[in-house]
1. Where does the charge balance sit around Asp74 when Lys and Arg score +1, Asp and Glu -1, over other residues with C-beta under 13 Å from its C-beta?
2. Using the basic label-point model (7 angstrom from Cα toward the beta carbon), what is the Glu29 to Glu273 distance in nanometres?
3. Need the list of lysines near Lys85 for cross-linking: C-alpha distance under 28 angstrom, and skip anything on the same chain fewer than eight residues off.
4. How large is the accessible surface per residue of region 44-147, computed with a 1.4 Å probe and reported in Å² as a whole number?
5. Between rounded, prolate and oblate, where does region 407-458 land on the alpha carbon gyration tensor, with a ≥ b ≥ c its root eigenvalues, rounded for a/c under 1.5, else prolate if a/b exceeds b/c?
6. Fully extended, how many nm does the chain gain between Asp377 and Ala176 (0.36 nm per residue separation, minus their Cα-Cα distance)?
7. Hey, got a sec? Which trypsin sites (Lys or Arg not before Pro) in region 14-99 land in a DSSP loop and have at most 15 other Cβ atoms within 10 Å?
8. Loop-only GluC sites (Glu not before Pro) in region 293-359, please: DSSP not H, G, I, E or B, and at most 16 other Cβ atoms within 10 Å.
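The values are calculated or read from the model by the stated rules, or taken from the named source; none is laboratory data. This structure is a prediction, so every number in the text was calculated from the model and none was measured. Ideal geometry is used to build each Cβ from the backbone, glycine not excepted, and the neighbour counts take in all protein chains shown. SASA here: full protein model, heavy atoms, side chains in, ligands and nucleic acids out. Shrake-Rupley method; radii C 1.70, N 1.55, O 1.52, S 1.80 Å.
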Amino acid sequence: MVIGLDCAEPTLVFERWRDRLPTLSGLMERGRWGRLTSVIPPITVPAWSCMMASRTPGDLGIYGFRNRAGHGYDDLFIANGTAVKAPRIWDLATRAGKRSIVLGVPGTYPPRPLNGVMVTCFLTPSTQSQYTYPPMLKREVERVVGEYLFDCTNFRTEDKEDLLRQVYDMTDRRFALAEHLLATKPWDFFVMVEMGVDRMHHGFWKDMDAGHHRHDPDGRYRDAILDYHVHLDGLMGRLLEHADDDTVVAVVSDHGAKRMDGGIRVNEWLRREGYLRTATEPGGATPLSGVGVDWAGTTAWGEGGYYGRIFLNVRGREPEGTIDPADYERVRDELAERLAAIPDDRGEPLGTRVYKPEEVYDEVNGVAPDLIVYFGDLRWRAVGTVGGDDGIHTFENDTGPDDANHAQDGLVVMAGPGIEPGPVEGMHLLDVAPTLLELLGIEAPASMRGTSLLAAGV
């Protein structure tokens, strides 16, 4: 039984609130637990698929929600389940004759056949889509919970009361469906992912964290994230009633969370430094698509998000490339060094990390960014707008209010027969699938990147 909590932060669960979370603390007392280092980048898409397949983003060719389909300038696509070609745990369980329940795991829309049942993820367009396998399960879902909620309609909102209502409603319906499926469907492997933790962190982190630049110690939502964790802990306790003494229970997250200090307007920085030339002069802070790009005068451009992606305009690779392939590494190294040196708004070092895909992945498939940038080690997000008089630092998110960024480490708590209690260090997200397969008595494919945590003494 695997309960996934998107964005669950180990410092909150293991330290700050452990005594308020009896279900999780009980699992910790009788099992192994610790930080779970995520992939680079630590983003919901592709991290859950990486976990379930034990393959890196480079293996999958998925580097975030939006990916380049080719080397054109306007060919970004959203990576849903059709982009995931590697077998995941339930695929391997199906081949082995095992039965699975898969509920809300990112990267499962559109649904594919399996030996068991599936309800797809937050990337499902709407309940008008076919979101279950088998297809007739959809009617059963609607009978049990009414309209199923894949996600909040908008978690980057100033209407915090509405956000709270949406998150609780979504979570309660998902767990009600989980209980129903556990009680009525045969299973050897159960896995669900709840998105509510992530939405609460992005929506209410400033209210909880005294170190956040917008923190109000008397704010009405200062306990919102704690209250939600307590509620969630109770729901998980009800799920555990469906786990007998022979069942191993694992609670996992794909990444953690930390406060967001601000944003670096990466395209505006590229423009000011002469790497990016816009087709028209922006009148104010404007998305790059709103002003156009003079590609013949452009060396590099970026995409915003919780981490930055930099793409180089290479001759013979991009349609109007300007960088001689012989100069590619020199230009890339120069950009990496200069991006890492961008200071914060007070002129202090940010501690930015810049990665080359081939240095972090053994295999690089699809069209990877030329550089992956963690501004401020993920305390600052990348913002894609250009223009305006506010410089390259911003404290307004271009996609709406957002208090938190992702942290590199998620968490794992695992308890059950044969698992000795105690904290463990050095666990990686890619180790989850080989571990679960060993527990299921299924041999892990040689293509998997991780190793079983059981072999490591877990």
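1. Numbers: positive: Arg66, Arg68; negative: Asp75, Glu303, Glu318, Glu320.
Neighbourhood net charge equals -2.
2. Result for the modelled spin labels: 5.3 nm.
3. In chain and number order, the partners are Lys98, Lys138, Lys185, Lys356.
4. Values: 3890 Å² over 104 residues.
Ligands and nucleic acids excluded, the figure is 37 Å² per residue.
5. Details: a/c = 2.09, a/b = 1.13, b/c = 1.85.
Here region 407-458 falls in the oblate category.
6. Numbers: separation 201, 0.36 × 201 = 72.36 nm, distance 3.76 nm.
The Asp377-Ala176 span can extend by a further 68.6 nm.
7. Working: sites: Arg16, Arg18, Arg20, Arg30, Arg32, Arg35, Arg55, Arg66, Arg68, Lys85, Arg88, Arg95, Lys98, Arg99; in loops: Arg55, Lys85, Arg88, Lys98, Arg99.
Listed in order of number, the matching sites are Lys85.
8. Details: sites: Glu303, Glu320, Glu329, Glu334, Glu337, Glu358, Glu359; in loops: Glu320.
Sites meeting the loop and neighbour criteria: Glu320.
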